[in-house]
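What follows is a single structure, written as structure tokens, with notes after it.
The values are calculated or read from the model by the stated rules, or taken from the named source; none is laboratory data. Keep in mind that what you see is a predicted model, and the values were worked out from it rather than measured. With ideal geometry, Cβ positions are generated from the backbone for all residues, glycine too; neighbour counts draw on all protein chains shown.
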Amino acid sequence: MELSFTRYRIYRECPWKYKLIFVDGRRIPPTAKSSFGLSIHRALEDWLSSGDDSEEALSAALRAAWRRDGYADEDEESRWRLKAERALHRQREVELSRRSRVVALEKEFVWELGAHTVRGMIDRVDQGPDGAYELIDYKTGPSVPTPAQVAADAQLRFYALGARSALGFSPATLTVDCVVAGARVSAAYDPSGEAALRADAAAAADAAAGGVFLPNASFCPRCDFRRDCAYSAVK
Ligand code: SF4
């Protein structure tokens, strides 16, 4: 099977939820938050790869990337759109003063893990003046993690393993770039947990491919299917 970080995360949260989405084809409807996040990611990628660092180019990138689904009405959409414009224009100032250079945007990696294929997409890779690589993940929520949380971030660690296994470079730093909160938090990457992550990803892929889908009720309060799932503990 093909294992992405999303599949791995959802299987580890609740295998039954994994089955509902990836076996039964249930969809999670878009929300204002998810559409907003996707729009910011796409606008930043398009603007940074365009080679035009002007305000106008950034506004045009947001216009082209803006997703309209998930909002209750036009007023709500306008409020989120304004928030996106403010966040991106502040981000532009940060980008213009940055000393590192962008070496990859939406960089895909693919590697073989036993009988499975691991695939992922890294938001961004920068290279500092000293040649060291920095692996960056954009977040568009209001919270800002601590450096310890960044060092332990499961998604960044999954991507760092992908970079080392498939792309031939080792990140020195992991960074969460909180575009909306206006903060950047970095931590040194310690690859010592990679063997355990490989083993756990392989175990999850084996179990999912083998049809092992036991519900995990501890995740029910945050689950999109809690209202109609047969095993929900919070209906
Ligand atoms: S409601 Fe609970 S048991 Fe059902 S899929 Fe969600 S987390 Fe799993």
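Tabulated data for the structure shown
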read-out: Pair list, Cβ under 6 Å, 6 or more apart: the range 131-146 residue touching a residue at least 24 places away in the same chain (Cβ under 8 Å) and surrounded by 18 or more Cβ atoms within 10 Å (Cβ to Cβ), other residue among the polar types (S, T, N, Q) and not in a loop (DSSP other than H, G, I, E, B); value: Tyr133/Gln127; Glu134/Thr173; Glu134/Thr175; Ile136/Thr175
read-out: Verdict on Glu85 being over 23 Å from Arg101 (Cβ atoms), crowded, with 17+ Cβ neighbours inside 10 Å and not hydroxyl-bearing (Ser, Thr, Tyr); value: no
read-out: Selection within the range 1-40 - assigned to a loop (DSSP other than H, G, I, E, B), within 14 Å of the ligand (Cβ to nearest atom) and within 18 Å of the chain's Cα centre (by Cα); value: Ile28
read-out: Long-range neighbours under 6 Å by Cβ, at least six apart or interchain, first residue touching a residue at least 40 places away in the same chain (Cβ under 8 Å) and under 11 Å from Tyr11 (Cβ atoms) within the range 212-226, second near the ligand (Cβ under 6 Å from one of its atoms) and in a loop (DSSP other than H, G, I, E, B); value: Asn216/Cys14
read-out: Test result for Leu197, buried (at least 19 other Cβ atoms within 10 Å of the Cβ) and either touching a residue at least 40 places away in the same chain (Cβ under 8 Å) or away from the ligand (no atom under 16 Å from the Cβ) (or both); value: no
read-out: Residues (over 17 Å from Phe36 (Cβ atoms) and more than 16 Å from the chain's Cα centre (by Cα)) located in the range 166-185; value: Ala166, Leu167, Gly168, Phe169, Ser170, Pro171, Ala172, Thr173, Ala183
read-out: Conditions (1) assigned to a helix (DSSP H, G or I); (2) polar (S, T, N, Q); (3) within 16 Å of the ligand (Cβ to nearest atom); number of the one not met by Ser192; value: (3)
read-out: Filter result (in a helix (DSSP H, G or I) and surrounded by 15 or more Cβ atoms within 10 Å (Cβ to Cβ)) within the range 207-216; value: Ala207, Ala208
read-out: Flag if Leu62 is part of a helix (DSSP H, G or I), hydrophobic (A, V, I, L, M, F, W, C) and under 18 Å from the mean Cα position of the chain (by Cα); value: no
read-out: Test: residue in the range 161-169 that is closer than 30 Å to Ala87 by Cβ, in contact with a Ser or Thr (Cβ under 6 Å, 6 or more places away or on another chain), away from the ligand (no atom under 14 Å from the Cβ) and modelled with pLDDT of 95 or more; value: no
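To keep it simple, each residue is scored yes or no on (1) surrounded by fewer than 20 Cβ atoms within 10 Å (Cβ to Cβ); (2) farther than 16 Å from Leu96 by Cα; (3) of a type outside the set (S, T, N, Q).
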| site | (1), (2), (3) |
| --- | --- |
| Ser4 | yes, yes, no |
| Ile21 | yes, yes, yes |
| Ser35 | yes, yes, no |
| Ala57 | yes, no, yes |
| Leu62 | no, yes, yes |
